[in-house]
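As structure tokens, the structure follows; a few thoughts come after it.
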Amino acid sequence: MNAIRETFVNNLKFYRKKRGISQEKLSYAVGKSIAYINQIENKISWPQPEMVDKIAVALEIPSSALFEENGSPQNKKDLFENTFGKSLESELLSRIEKDVKEVCSLM
């Protein structure tokens, strides 16, 4: 999955739910079918730029907010895991291994 699409979909879902707007209400506001909104949120379809603007207007946010890496909690989590996940995992495994060796040497 393309990172920008993942970011867009996470933000779309986040802001739609934050505003209390169902897929049905969003589809009505942008003049598209519920199936179309569902396809976007399920990463089957990708909206045209004009539709991105209509979605943003309906959600009362700037269009750029839909592409903001730190917009939704899921995007923040993904960014954190991608940035720090591997290094934290390596550090923890290294410390555990060191501690296990130390304990074993005391026996």
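The values are calculated or read from the model by the stated rules, or taken from the named source; none is laboratory data. Being a predicted model, the structure only gives us computed values, none of them experimental. For neighbour counting, all protein chains shown are included, and Cβ atoms are generated from backbone atoms with ideal geometry for every residue, glycine included. Surface accessibility is based on the protein's heavy atoms, side chains included, excluding ligands, DNA and RNA. Shrake-Rupley method; radii C 1.70, N 1.55, O 1.52, S 1.80 Å.
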Query raised in the report: Of the residues that make up segment 81-94, is at least one in contact with a Phe, Trp or Tyr (Cβ under 9 Å, 6 or more places away or on another chain) and of a type in the set (D, E, K, R)?
Result: no
Query raised in the report: Where residues in segment 1-28 are at pLDDT 90 or above and touching a Lys or Arg at 6+ places or on another chain (Cβ under 7 Å), which of them is surrounded by the fewest Cβ atoms within 10 Å (Cβ to Cβ)?
Result: Arg5
Query - Residue list for segment 79-98, restricted to those being closer than 25 Å to Glu69 by Cβ and modelled with pLDDT of 75 or more - result: Glu81, Ser87, Leu88, Glu89, Ser90, Glu91
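One line per residue, one yes/no per condition, for (1) among the acidic types (Asp, Glu); (2) free of Cβ contacts under 8 Å to residues at least 60 places away in the same chain; (3) in contact with a Cys (Cβ under 6 Å, 6 or more places away or on another chain); (4) open to solvent by 80 Å² or more (accessible area, probe 1.4 Å):
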| site | (1), (2), (3), (4) |
| --- | --- |
| Val30 | no, yes, no, no |
| Ala35 | no, yes, no, no |
| Glu41 | yes, yes, no, no |
| Val52 | no, yes, no, no |
| Ile55 | no, yes, no, no |
| Glu69 | yes, no, no, yes |
| Ser94 | no, yes, no, no |
| Glu102 | yes, yes, no, yes |
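Okay, residues lined up against (1) more than 20 Å from Ile4 (Cβ to Cβ); (2) among the polar types (S, T, N, Q):
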| residue | (1), (2) |
| --- | --- |
| Gly20 | yes, no |
| Lys32 | yes, no |
| Lys43 | no, no |
| Lys54 | no, no |
| Leu59 | no, no |
| Ala65 | no, no |
| Glu81 | no, no |
| Ser94 | yes, yes |
| Glu97 | yes, no |
